[in-house]
Ligand code: FNR
């Protein structure tokens with residue numbers, strides 16, 4: 001593992017190892033993949049403004065998320081079907097999160113079940129990502145199982161009335177390999193994804209089974225069936241953030257689904273300030289994912305008001321390269337880079353990182 005010094009090293013190694021269909025599925029964004037690039041580029045357009053000689057006697061990355069203490073403001077976003085990356089899939093990922101003291105979010109369409117993940121990482125802070133199926137009984141059972149298994153929150157994905165167009169998946173006629181199944185389901189719901197036809201098998205699965213008539217009323221329904229806090233995952237507008245809070249969400253995850261839904265939407269770091277401003281008078285935590293691949297990216301998101309960031313693909317690269325050890329390596333790289341950033345920027349604790357620590361590059365070109 002020593003040879004991996006940065007997230008890009010893990011990405012390069014993982015993409016060399018993965019079979020083409022899985023690699024393309026993990027990597028790709030929607031249509032022209034403009035926003036996919038922007039999720040990263042937009043971080044580069046922000047500058048950190050360090051404070052000198054602040055006297056660093058200690059530094060601390062700990063923070064508290066919905067009442068749970070975590071060792072750093074970085075968590076793992078839900079990504080589907082992790083056993084394509086490594087035979088242990090989600091169970092290796094949650095073990096890494098547990099060992100590193102960070103949040104792990106399990107996808108609804110995972111290749112390890114809610115119960116398997118709970119058993120693998122009993123002490124990890126686990127969130128369950130929910131897709132709402134047309135069949136509300138199926139949906140309700142998922143939520144009940146997550147609650148019973150000790151998951152701490154439901155991340156409701158709100159940006160997916162239908163699946164985005166991912167050209168590589170269409171070309172590859174992407175489906176889950178036959179030896180794997182969607183482990184949270186029995187019968188045809190666990191294997192229907194194998195059926196092939198025109199284009200992406202995953203898109204067929206999602207577009208047939210997920211409910212696209214959803215409105216904010218569904219949050220109220222969710223709240224009536226679970227006591228777990230609900231996080232709205234996929235918000236890019238201030239007015240939607242307000243609707244989410246007013247519907248009862250305890251957290252907002254500013255996300256464009258890893259640029260996989262609609263191309264041409266803003267980079268998440270660009271959308272963050274609008275959301276922070278809109279909910280500033282509400283009691284709600286705001287997080288961000290999308291394109292985070294370094295300690296300075298994390299720092300910039302925290303400076304613009306995020307309470308925490310999540311990473312999706314970086315965890316898949318770590319998982320591919322080395323299972324649990326690979327994901328731990330990925331988290332270790334981000335932790336070290338963030339520790340350096342905090343100290344050299346002169347803001348040794350997470351609470352010291354204020355809005356003025358970051359400026360847009362345009363301020364330097366006048
Ligand atoms: C995702 N994402 C996602 N989101 C979700 O709510 N449910 C899911 O099942 C998945 N599955 C999924 C698979 C893959 C391969 C990717 C890359 C992404 C989106 C994910 O939670 C997150 O928003 C992004 O991955 C964050 O961007 P980065 O960190 O990958 O750039």
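The values are calculated or read from the model by the stated rules, or taken from the named source; none is laboratory data. Computed from a predicted structure; not experimentally measured. Cβ coordinates were reconstructed from backbone atoms using ideal geometry, including for glycine residues, and neighbour counts include every protein chain displayed.
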Cβ-Cβ under 8 Å pairs, at least 6 apart or on other chains, the range 346-365 side loosely packed, with under 14 Cβ neighbours inside 10 Å, far side in a strand (DSSP E or B): 349/60; 360/46; 360/47; 361/46; 361/47; 363/47; 364/47
Index of the failed condition, residue 288 passing every other in (1) part of a loop (DSSP other than H, G, I, E, B); (2) at negative phi; (3) under 13 Å from the mean Cα position of the chain (by Cα); (4) surrounded by 24 or more Cβ atoms within 10 Å (Cβ to Cβ): (1)
Selection within the range 206-229 - touching a residue at least 60 places away in the same chain (Cβ under 8 Å) and in contact with a helix residue (DSSP H, G or I) (Cβ under 6 Å, 6 or more places away or on another chain): 219, 225, 226, 228
Total residues in the range 25-43, condition within 10 Å of the ligand (Cβ to nearest atom) and part of a helix (DSSP H, G or I): 6
Among residues of the range 110-145, those that are within 14 Å of the ligand (Cβ to nearest atom) and in contact with a helix residue (DSSP H, G or I) (Cβ under 8 Å, 6 or more places away or on another chain), counted: 11
Out of 355, 328, 359, 366, sole residue that is more than 16 Å from the ligand (Cβ to nearest atom), modelled with pLDDT under 95 and more than 24 Å from residue 36 (Cβ to Cβ): 366
Number of the condition not met by residue 256 [criteria: (1) within 19 Å of the chain's Cα centre (by Cα); (2) surrounded by fewer than 16 Cβ atoms within 10 Å (Cβ to Cβ)]: (2)
Elements of type helices (runs of 4 or more DSSP H) in the range 63-178, at least 3 residues being without any contact (Cβ under 8 Å) to a residue 60 or more places away in the chain: 89-100, 114-120, 136-148
Output for the range 257-273, where each listed residue is within 11 Å of the ligand (Cβ to nearest atom) and under 18 Å from residue 158 (Cβ atoms): 257, 258, 259, 260, 261, 268
Count - residues of the range 208-217 that are surrounded by 14 or more Cβ atoms within 10 Å (Cβ to Cβ) and in a helix (DSSP H, G or I): 1
Residue that is nearest to the ligand (Cβ to nearest atom), among those in the range 233-252 that are assigned to a strand (DSSP E or B) and closer than 19 Å to residue 162 by Cα: 233
